[in-house]
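Working notes, structure below.
The values are calculated or read from the model by the stated rules, or taken from the named source; none is laboratory data. Since the structure is predicted, the reported quantities are computational estimates derived from the model, not experimental observations. FYI the Cβ positions are ideal-geometry reconstructions off the backbone, even for glycines, and counts take in every protein chain you see. Accessible surface is based on the protein model in full, side chains and every heavy atom, while ligands, DNA and RNA are left aside. Shrake-Rupley method; radii C 1.70, N 1.55, O 1.52, S 1.80 Å.
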Amino acid sequence: WVWLTATLIAIAMQRGELTGIDSPAMTFFPAYRVAPDPRRERMTLRHLLTMTAGIRWDETTAGYSDPRNSCAGMEGSADWVQFVLDQPTAEEPGQRFVYNSGATQLLSEVLRKATGRHADEYAAEVLFRPLGITSQFWKKTPTGHPDTEGGLYLTAGDLAKVGFLYLRDGIWEGRRILP
């Protein structure tokens, strides 16, 4: 569901709740312990959005139920955001695309810090309500955050509404929803 988290980030920027995608990402995690690494300090929201964060991550090893898979490891941890932040920096941010579901969880925390609401609450207000989507289910992580890496359930019709919104350049019934 990285597309949805990216959509919510774009809406937050449109509303002035986030300053821009080139903002340093680590400023959103002051309550978390993170091993010092100057490369990590250069990681921006753009790097998280494009999955070029430089974080060591492997979602190709084994299956998603195997703890050697980084996503499975994250899902088996007590705090998903901390799990992602605990992963070492493998390279300079921006150098290489690595599919990273953990980056989406980090973006969820960025959204919470910027808007004061969890992604599920924010999505309900700024995206789902304007589209007339009233029934959705979002799994929660052990710390109560919404599972933004793959835990949202929508009906096919409601998902089609989101697709239609994109086809119409972010406009729904004459109202701009997406920038």
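Scanning region 108-119 turns up no residue that is in a helix (DSSP H, G or I), over 19 Å from the mean Cα position of the chain (by Cα) and surrounded by fewer than 20 Cβ atoms within 10 Å (Cβ to Cβ). Among the residues of region 128-157, the ones that are open to solvent by 40 Å² or more (accessible area, probe 1.4 Å) and touching a residue at least 40 places away in the same chain (Cβ under 8 Å) come to 2 in all.
Counting only helices (runs of 4 or more DSSP H) that fall entirely inside region 4-95 and contain at least 2 residues that are crowded, with 16+ Cβ neighbours inside 10 Å and touching a strand residue (DSSP E or B) at 6+ places or on another chain (Cβ under 7 Å), the qualifying elements are 38-41. Yes or no: residue 160 in contact (Cβ under 8 Å) with a residue 24 or more places away in the chain and not in a loop (DSSP other than H, G, I, E, B)? When the stated conditions are applied, residue 160 does not pass them.
Among the residues of region 96-107, how many are part of a helix (DSSP H, G or I) and either under 20 Å from residue 153 (Cβ atoms) or among the aromatic types (Phe, Trp, Tyr) (or both)? So the answer is 4. Residue pairs whose Cβ atoms lie under 6 Å apart, sitting 6 or more positions apart in sequence or on different chains, and linking a residue in region 49-73 that is under 30 Å from residue 12 (Cα atoms) to a partner that is of a type in the set (Lys, Arg), are 54/39.
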